[in-house]
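Novice: Before anything else, here's the structure in question.
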Amino acid sequence: MEPKKENTKKDILKKLFFSTLYLSTFTFGGGYVIVSLLKNKFVDELHWIDETEMMDLVAIAQSSPGAIAVNGAIVVGYKLAGFSGVLCAILGAVLPPLIILTLVSYCYAAFRANFVIQAMLKGMRAGVGAVIISVVYDMGSSVVKSKDILLLVIMAASFLANYFFNVNVIYIILLTAAIGAVRTIYREHRREKTA
Amino acid sequence: MAVYVELFLAFLQIGAFSFGGGYAAMPLIQAQVVNQYHWLSMTDFTDLITISQMTPGPIAINAATFVGNQIAGIPGALLATLGCILPSCIFVTALAWIYTKYRNLSVMQGVLESLRPAVVAMIATAGVAILLPAFFLSGSVSFRAGNFQLRPVLYFAGAMLLLRKWKMDPVVVMVLCGVAEVLYQSAVKFL
């Protein structure tokens, strides 16, 4: 659905900026949360984007490198108002973490010297580790359940290369991306032949 | 001057190669910020990840702002953040344009399918890199007295239980681990 006629471009940009600013300030817990909130706002509440198109936009946000929250804001901004929409959405999404972490950064030295904070951060290290391992477990078991040998080999080989041989993560990403691209092209090629 | 260029380029790489969002950026940030440029120690890096979990915003943007500020003040923070989001802007806009034109992303989806296991492996590596120095003071596996730390292992086990069995909010779980250590250290100090 196209934006309603009474919405001038300026209104859309304003709404875009304040929505992403608000969502970015109050969403804890990762990019997927903000993407579902963007959907709530622009699909269910404002009806500026329809449901299926939003799903494709989310796929684009996921297919691109970078933070999902920022990518989601960019793609919604692009859809609603083109290039200026992208700028407004990014500004809204990035401003809150920029301000908050700047404040944290300036207090960090004093912060670190504090007995309670020091103990707190020390204890939390084990907790962060647990959160990460738990994420790995969830993501890893979906790879294992796919029963796709190539994906399992990629997972094992990437871990070995990264952990034991310190191979730069960028090379691992480039190589696996190439494998995925070649595989898809090969599959489609074969499907066309058999069809 | 050189440091601004380094900050920008380091975070440009982080932005360009972190597929899969959130935790996927973590090993890349570690590679640039800890291993290559030594802007943060592993302890500072772990603290940064902890702080990122408790504040809004993506880990990569938080890291860019924090490291930029520590190394080169506000201009550093702005440049690092800009480097971090620039690849997103280009990629997402290009894909959105292609999508509106062709509506077919099958090669991209094939690429993502095979990237996922690699991303899992890299997140696992980052997790181990955070846990090992927490469990063993020297950072290498050895059960000598004074090297092996029992309490972090207990916190870890407790946290896993809360996360997996009771599906508790990760931030709450982390804070509970922190509170446990504060109580322990206060007890040792004041009793």
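Rule-based calculations on the coordinates, nothing more; no lab input. For clarity, every value in this text was computed on a predicted model and none was experimentally measured. Cβ coordinates were reconstructed from backbone atoms using ideal geometry, including for glycine residues, and neighbour counts include every protein chain displayed.
Novice: Per 0.36 nm of contour for each residue apart, how much would the distance between B:W166 and B:T100 grow if the chain were fully extended, relative to their Cα-Cα spacing? Working shown, then result.
Specialist: Working: separation 66, 0.36 × 66 = 23.76 nm, distance 4.30 nm.
Value of the extension gain: 19.5 nm.
Novice: Quick check on chain A: helices-only [θ] at 222 nm, where DSSP H runs of length 4 and up contribute -39,500 (n - 2.57) each and the sum goes over total residues. Nearest 500, please.
Specialist: -27500 deg cm²/dmol
Novice: Across the residues of B:80-91, average count of Cβ atoms on other protein chains within 10 Å?
Specialist: The per-residue average across the peptide is 5.
Novice: By counting other Cβ atoms within 10 Å of each Cβ, how are A:C107, B:C84 ranked from fewest to most?
Specialist: Fewest-to-most Cβ neighbours within 10 Å comes out as A:C107, B:C84.
Novice: In addition: Within a 10 angstrom radius of the beta carbon, how do A:V128, A:V104, A:V70, B:V179 rank from fewest other beta carbons to most?
Specialist: On the way: A:V128 27, A:V104 20, A:V70 31, B:V179 15.
Taking fewest neighbouring Cβ atoms as first place, the list is B:V179, A:V104, A:V128, A:V70.
Novice: What distance in nm lies between label points placed 7 Å from Cα along the C-beta direction at A:E188 and A:L91?
Specialist: So the two model labels end up 3.8 nm from each other.
Novice: Not counting the cut sites, what is the longest span of chain B without trypsin sites (Lys or Arg not before Pro) that DSSP labels loop and that have at most 12 other Cβ atoms within 10 Å?
Specialist: Segment B:1-102 is the longest.
Novice: Residues with beta-carbon under 15 Å from that of A:R187, excluding A:R187: net charge, scoring Lys, Arg +1 and Asp, Glu -1?
Specialist: On the way: positive: A:R183, A:R190, A:R191, A:K193; negative: A:D148, A:E188, A:E192, B:E113.
So the environment of A:R187 carries a net charge of 0.
Novice: Further question on the same structure: Give me a single rounded figure for A:47-58: the average over its residues of other chain Cβ atoms within 10 Å of their Cβ.
Specialist: Details: counts 0, 0, 0, 0, 0, 0, 2, 0, 0, 5, 4, 0.
Taking all residues of A:47-58 together, the mean is 1.
Novice: How far is helix B:150-164 tilted, in degrees, relative to the longest principal axis of the Cα atoms in chain B, given as a value from 0 to 90 rounded to the nearest 10?
Specialist: Orientation of helix B:150-164: about 50 degrees from the principal axis.
Novice: Under a GNM of chain A (C-alpha, springs under 10 Å), which listed residue has the highest mean-square fluctuation: A:L87, A:L103, A:L151?
Specialist: Among A:L87, A:L103, A:L151, the largest GNM mean-square fluctuation belongs to A:L151.
Novice: Dipole size in debye (nearest 20) for the protein assembly as shown around its Cα centre, Lys and Arg Cβ +1, Asp and Glu Cβ -1?
Specialist: 420
Novice: Based solely on its DSSP helices, what 222 nm [θ] is calculated for chain B when runs of n ≥ 4 H residues each add -39,500 (n - 2.57) and the sum is averaged over all residues, nearest 500 deg cm²/dmol?
Specialist: Using -39500 (n - 2.57) per qualifying helix, the result is -26000 deg cm²/dmol.
Novice: Per-residue mean of other chain beta-carbon atoms within 10 angstrom of the beta-carbon, peptide A:176-185?
Specialist: Taking the mean over all residues of the peptide, I get 6.
Novice: Ok, one more. Under 23 Å between alpha carbons: how many lysine pairs meet that in chain A, if sequence neighbours fewer than 8 apart on the same chain are excluded?
Specialist: Here the count comes out as 24.
Novice: Now for a different question. Taking only complete DSSP H runs, can you tell me which helices of chain A stretch 24 Å or more along their own long axis by Cα positions and average at least -1.0 on the Kyte-Doolittle scale?
Specialist: Helices passing the filter in chain A: A:9-26, A:68-113, A:115-145, A:169-194.
Novice: Just want to confirm a number: the relative contact order over region B:2-117, from Cα pairs under 8 angstrom separated by 6+ residues, in percent.
Specialist: It rounds to 33 percent for region B:2-117.
Novice: If you don't mind, there's one more thing I want to ask. Taking 7 Å along the Cα-to-C-beta vector as the label spot, tell me the B:Y37-B:M1 distance in nanometres, rounded to one decimal.
Specialist: The two pseudo-label positions are separated by 1.8 nm.
Novice: Which of A:C107, B:G57, A:S19 sits closest to the plus end of the dipole of the protein assembly as shown, meaning its Cα is farthest towards the positive end, when Lys and Arg get +1 and Asp and Glu get -1 on the C-beta?
Specialist: B:G57
Novice: Mind checking the angle between helix B:170-190 and chain B's longest principal axis? C-alpha axes, 0 to 90 degrees, to the nearest 10.
Specialist: The helix B:170-190 is inclined about 30 degrees to chain B.
Novice: Could the peptides A:169-178, B:44-53, A:10-19 be put in order, highest first, of the mean number of other beta-carbon atoms found within 10 Å of their residues? All intermediate terms of the calculation are to be shown ahead of the outcome.
Specialist: On the way: A:169-178: 18.9, B:44-53: 23.0, A:10-19: 17.3.
Highest mean packing first, the order is B:44-53, A:169-178, A:10-19.
Novice: Let me ask something else. How big is the gap, in Å, between the Cα center of region B:32-88 and the Cα center of region A:51-124?
Specialist: About 12 Å separates the Cα centre of region B:32-88 from the one of region A:51-124.
Novice: Fewest Cβ neighbours within 10 Å first, please rank B:F148, B:F11, B:F19, B:F135 accordingly.
Specialist: So the ranking, lowest neighbour count to highest, is B:F148, B:F135, B:F19, B:F11.
Novice: Tell me the net charge near B:G158. Cut-off is 13 Å between Cβ atoms, B:G158 excluded, with +1 for each Lys or Arg and -1 for each Asp or Glu.
Specialist: +2
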